[in-house]
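Here, each number is a calculation from the coordinates, and none is a lab measurement. Computed from a predicted model, the values in this text were never measured in an experiment. When we count neighbours, we look across all protein chains shown, and the Cβ atoms used for this are built from the backbone with ideal geometry, even at glycine.
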Amino acid sequence: MQNETPEQAPIEWLTLSEIGAILDESPSRVRRLLEEHYLVGSARDGAFRVPALFLQDGEPLVSLRGTIMVLQDAGFSNDEAIDWMLSVDDSIGVAPIEALRAGRKSEVRRVARSLA
């Protein structure tokens, strides 16, 4: 059975309030997670939101922070990093976020470093 990729299924976007409720954290702690690159978000459809795929088991996806930092070092804006993470990458075979969620951190970061 093939996993659905974000291109096949609609992306769920969470507001900062929704993330705070999921993480059981204050709004200031959620903002700190964004500032420290544990999460990345974008103003889409008016409000600042974070893709729900960036959370796993009620926590920020552990491998996301380093990957975000690699992409930012390569010159990606937050919007560009999010778009890359959610789009199927031919060299990975799935969307990078799906590969990260499957434990393929090294492969995703290797590809991200090559984008610089």
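By Kyte-Doolittle mean hydropathy of at least 1.0 and Cα axial length of at least 24 Å, which whole DSSP H helices of the chain are selected? Walk me through the numbers before you get to the answer.
Details: long enough: none.
Going by DSSP H runs, there are no hits.
Using the Cα gyration tensor of region 31-78, with a ≥ b ≥ c the square roots of its eigenvalues, what is the shape: rounded (a/c below 1.5), prolate (a/b larger than b/c) or oblate (neither)?
On the way: a/c = 1.80, a/b = 1.05, b/c = 1.71.
Verdict is oblate for region 31-78.
Lys and Arg at +1, Asp and Glu at -1: add these up for the other residues within a Cβ distance under 14 Å of E35 and post the number.
+2
Amide H to amide H under 5 Å from R49: which residues, 5+ apart in sequence or cross-chain, H placed 1.01 Å off N in plane?
Residues meeting the amide H criterion: S42, A43, R44.
Plugging the Kirkwood radius over Cα pairs into Stokes-Einstein for the chain, at a temperature of 25 °C and a viscosity of 0.890 mPa s, what D comes out in µm²/s? All intermediate terms of the calculation are to be shown ahead of the outcome.
Values: Rh = 14.3 Å.
Here the translational diffusion coefficient equals 171 µm²/s.
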